[in-house]
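Written out below as structure tokens is the structure these notes cover.
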Amino acid sequence: MRIEREKRTIVKMIAMYCKAKHEPNGELCQSCSALRQYALERVARCKFGEAKPVCAKCPIHCYKPSMRQEIRNVMRYAGPRMLFSHPIDAIRHLIDSLRSSNSQ
């Protein structure tokens, strides 16, 4: 369940970012589509499984440096806006972040 929630959250964040920055016609641009696919693969293959910490607090950086910077840009933009457009997802992500902090 945690992995699926993480996937849904990242898909929403990338969609928000792409819509604001790249102005696609209802679909993701090619760059954001590739980033979404890459991020979903990374989350699905996370060695921590359901005990996965939020990516920002993960001790292992499984993203390639270029993709890591892209996902940072997405999260930096979409993160604060999630509170208004997807408040439940934002609160759950915050709770997961706090749990990650407590378990380390």
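Yes or no, residue by residue, for (1) in contact with a strand residue (DSSP E or B) (Cβ under 8 Å, 6 or more places away or on another chain); (2) modelled with pLDDT of 90 or more; (3) polar (S, T, N, Q):
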{"residue": "32", "(1), (2), (3)": "no, yes, no"}
{"residue": "48", "(1), (2), (3)": "no, no, no"}
{"residue": "67", "(1), (2), (3)": "no, yes, no"}
{"residue": "89", "(1), (2), (3)": "no, no, no"}
{"residue": "93", "(1), (2), (3)": "no, no, no"}
{"residue": "99", "(1), (2), (3)": "no, no, no"}
{"residue": "103", "(1), (2), (3)": "no, no, yes"}
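Across the range 44-75, what is the total count of residues that are surrounded by 16 or more Cβ atoms within 10 Å (Cβ to Cβ) and more than 13 Å from residue 6 (Cβ to Cβ)?
Result for the range 44-75: 3.
Here is a check on your reading of the model: is residue 89 touching a residue at least 60 places away in the same chain (Cβ under 8 Å) and in contact with a Ser or Thr (Cβ under 6 Å, 6 or more places away or on another chain)?
Working: touching a residue at least 60 places away in the same chain (Cβ under 8 Å): yes; in contact with a Ser or Thr (Cβ under 6 Å, 6 or more places away or on another chain): yes.
For residue 89, the condition - touching a residue at least 60 places away in the same chain (Cβ under 8 Å) and in contact with a Ser or Thr (Cβ under 6 Å, 6 or more places away or on another chain) - is met.
Would you point out the residue of the range 11-28, among those that are under 20 Å from residue 45 (Cα atoms) and in contact (Cβ under 8 Å) with a residue 60 or more places away in the chain, that is surrounded by the fewest Cβ atoms within 10 Å (Cβ to Cβ)?
Initially, the range 11-28 is screened for residues under 20 Å from residue 45 (Cα atoms), giving 11-14.
Subsequent filtering for residues that are in contact (Cβ under 8 Å) with a residue 60 or more places away in the chain retains 12-14.
Details: 12: 16, 13: 25, 14: 23.
Per the stated criteria, the residue is 12.
Looking for something within 17 Å of residue 73 (Cα to Cα), among the aromatic types (Phe, Trp, Tyr) and either surrounded by 13 or more Cβ atoms within 10 Å (Cβ to Cβ) or without any contact (Cβ under 8 Å) to a residue 24 or more places away in the chain (or both) - is there at least one such residue anywhere in the range 30-43?
yes
How about the range 55-98: which of its residues are within 19 Å of residue 41 (Cα to Cα) and of a type in the set (Gly, Ala, Ser)?
56, 66, listed by residue number.
The values are calculated or read from the model by the stated rules, or taken from the named source; none is laboratory data. Note that the structure is predicted; figures quoted are calculated from it, not measured. All Cβ positions, glycine included, derive from the backbone under ideal geometry; neighbour counts span all protein chains shown.
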